[in-house]
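What follows is a short report on a single structure.
The values are calculated or read from the model by the stated rules, or taken from the named source; none is laboratory data. Nothing here was measured: the structure is a model prediction, and the numbers come from that model. Cβ atoms come from the backbone with ideal geometry, glycine included; neighbour counts cover every protein chain shown. Note: accessible area is taken over every heavy atom of the protein model, side chains too, but ligands, DNA and RNA are not part of it. Shrake-Rupley method; radii C 1.70, N 1.55, O 1.52, S 1.80 Å.
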Amino acid sequence: MSLTPHILILAAGKGKRMKSDLPKVLHEVLFQPMIHHVLDLASALPHSSVSVVVGHGGEEVKGACGGYPLVQFVDQKEQRGTADAVKSAETFLSKQSGSVLVLSGDVPLLRKESIQKLLDSHEKQNAVCSLVSTRLQNPKGYGRILRDSSEAVYGIREEADASESEKKIPEVNAGIYCFEIKELFNALSKVSNQNRQGEFYLTDAIEILVREKKKVIGVLFEDSEETLGINDRIALAQAEKVLQKRVNQFHMENGVTLQGSDDIWIDTHSEIASDVVIESGCRIFKSKIGGASRIEAQSRVQESVLGSRVKIKQGSVIEESKIGHETTVGPYAHLRPGSILGSQVKIGNFVEVKKSSFKDGAKASHLSYIGDAEIGKDVNLGCGFITCNYDGVKKHKTVIEDGVFVGSDSQMIAPVTLGAGSYVASGTTVTRDVPPESLVISRGKQVTKLGYAKKFLKKK
Ligand code: UD1
Ligand code: CA
């Protein structure tokens, strides 16, 4: 039987080094607050419960974790150090048996497989504490792992308290541990804050356990990118780069072409089918993209579902929308939330669509605004078409039934309906409903005065 630990995520710290009003764990790594990556990891691991210790900006952090309904929160009133953070979960955890996996809200790149190894070692070796370490070329800022002459871990020294020779130790503490719950709280009751920072260090519990002859093991992670702790904006950018590479590699292995992969940013949740081509500068998150679609340079696709063979042309923005097979959008088009396009629809350059549906084969090829509208099958909306959907107080609906042809520079003063197969002449302002199969035209009568141009200019 494998270990099913309780999971505790430390996320109460202020993150001083971020120099931010936002709690550190809410800074985004690939379009998601970094704590979501830790919660995704916790959810993917076997666990008996998941708790998050919150404090600084606690309400904000809780609010941001709404998508994880099974998570419980523990308040740490004052941020007095990592040992104190764990202690704030004592009321809950001391009633539980078995082990607790302690994760850090600011270490978002760990892989499930690596943590599974930690849990397996912990169980196999009957350890009381197993901790993750890694070797760094520049270990500055991390706690250093202290090992005795037989290579056994006997403690962790924080950067602030380390001697010059200790600072040279390349092996660092990742801040990730598996503890036997009873032994953990026993050791924590003995941790003091007699150190340079006046904090209660969770790392001191290790030394206490070793002194009490409890089994402590270090599990070395070869890939030090995984254990990157985010304390400042430089590490934040590094983390995003590491994750970007990981996600992009995954998609390329699945048959997606990324042209200029270094400048393509895809979140960890999007699904992209094979033979999709994505050009440089695109950002894609919380989306699904069907096979053989193409997303041209500098486009953004968020919270949307695209069918197969869809073409998003350069510089377009797609938000909370649905796009059917073989539909083309852009260049420089904007689908705002609630846009639902059928198959073989064409939304051309500089067209904005909001909360509107287009049935199969409908077109708005140039410079238009379509808001709160239902556009029927094979409708053609000419250049400069506008739905006047807002009267300053309320939004109103425009319905354009199947097969309607709307000439260029026409406006619909909503609420209004154009019956199926009707024809709107160019330059028409439609103010009243139009029955099916009708022609509608509203224009001032043209006056032409022969030879008058020169005379007119002279007067001016
Ligand atoms: C900690 C470790 C260090 C390790 C590093 C790895 C300690 C004393 N040091 O240092 O050995 O190399 O992580 O990344 O544990 N937190 C609370 N309440 C508090 C203080 C912190 O919840 O009172 C949370 C923070 O929000 C953060 C985590 O604990 O998510 C780690 O705290 P942080 O201050 O970043 O510790 P480091 O200095 O990075
Ligand atoms: Ca940290």
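Could you look through the range 111-123, keep only residues that are touching a residue at least 40 places away in the same chain (Cβ under 8 Å) and open to solvent by 70 Å² or more (accessible area, probe 1.4 Å), and pick out the one that is farthest from residue 99 (Cα to Cα)?
Taking the candidates together, the pick is 111.
Considering only the range 127-183, state which residues are among the hydroxyl-bearing types (Ser, Thr, Tyr) and over 29 Å from the mean Cα position of the chain (by Cα).
130, 149, 150, 154, 163, 165
I'm trying to understand the selection: among the residues of the range 180-215, which are open to solvent by less than 30 Å² (accessible area, probe 1.4 Å), farther than 22 Å from residue 107 by Cα and assigned to a loop (DSSP other than H, G, I, E, B)?
Scanning the range 180-215 gives a single hit, 191.
Across the range 154-173, which residue is farthest from ligand 2 (Cβ to nearest atom) among those that are assigned to a strand (DSSP E or B) and not acidic (Asp, Glu)?
154
Please pick out the residue among 279, 296, 271 that is out of contact with any helix residue (DSSP H, G or I) (no Cβ under 9 Å at 6 or more places or on another chain) and surrounded by fewer than 17 Cβ atoms within 10 Å (Cβ to Cβ).
One residue alone meets the criteria, 271.
Could you check, for the range 126-137, whether at least one of its residues is part of a helix (DSSP H, G or I), open to solvent by 20 Å² or more (accessible area, probe 1.4 Å) and more than 23 Å from residue 13 (Cα to Cα)? First the steps, then the outcome.
From the range 126-137, those part of a helix (DSSP H, G or I) are none; that's our starting set.
Among the residues of the range 126-137, not one is part of a helix (DSSP H, G or I), open to solvent by 20 Å² or more (accessible area, probe 1.4 Å) and more than 23 Å from residue 13 (Cα to Cα), which makes the answer no.
Mind listing whichever residues of the range 124-153 are without any contact (Cβ under 8 Å) to a residue 60 or more places away in the chain and within 16 Å of ligand 2 (Cβ to nearest atom)?
138, 139, 140, 144
Among the numbered criteria (1) open to solvent by 40 Å² or more (accessible area, probe 1.4 Å); (2) assigned to a strand (DSSP E or B), which single criterion is violated by residue 218?
Looking at each condition in turn, residue 218 falls short on (1).
Could you look through the range 221-261, keep only residues that are open to solvent by 30 Å² or more (accessible area, probe 1.4 Å) and of a type in the set (Val, Ile, Thr), and pick out the one that is farthest from ligand 1 (Cβ to nearest atom)?
For the range 221-261, the residue satisfying everything is 257.
When the range 9-35 is examined, which residues are found to be away from ligand 1 (no atom under 14 Å from the Cβ) and buried (at least 18 other Cβ atoms within 10 Å of the Cβ)?
Within the range 9-35, 30, 31, 32 qualify.
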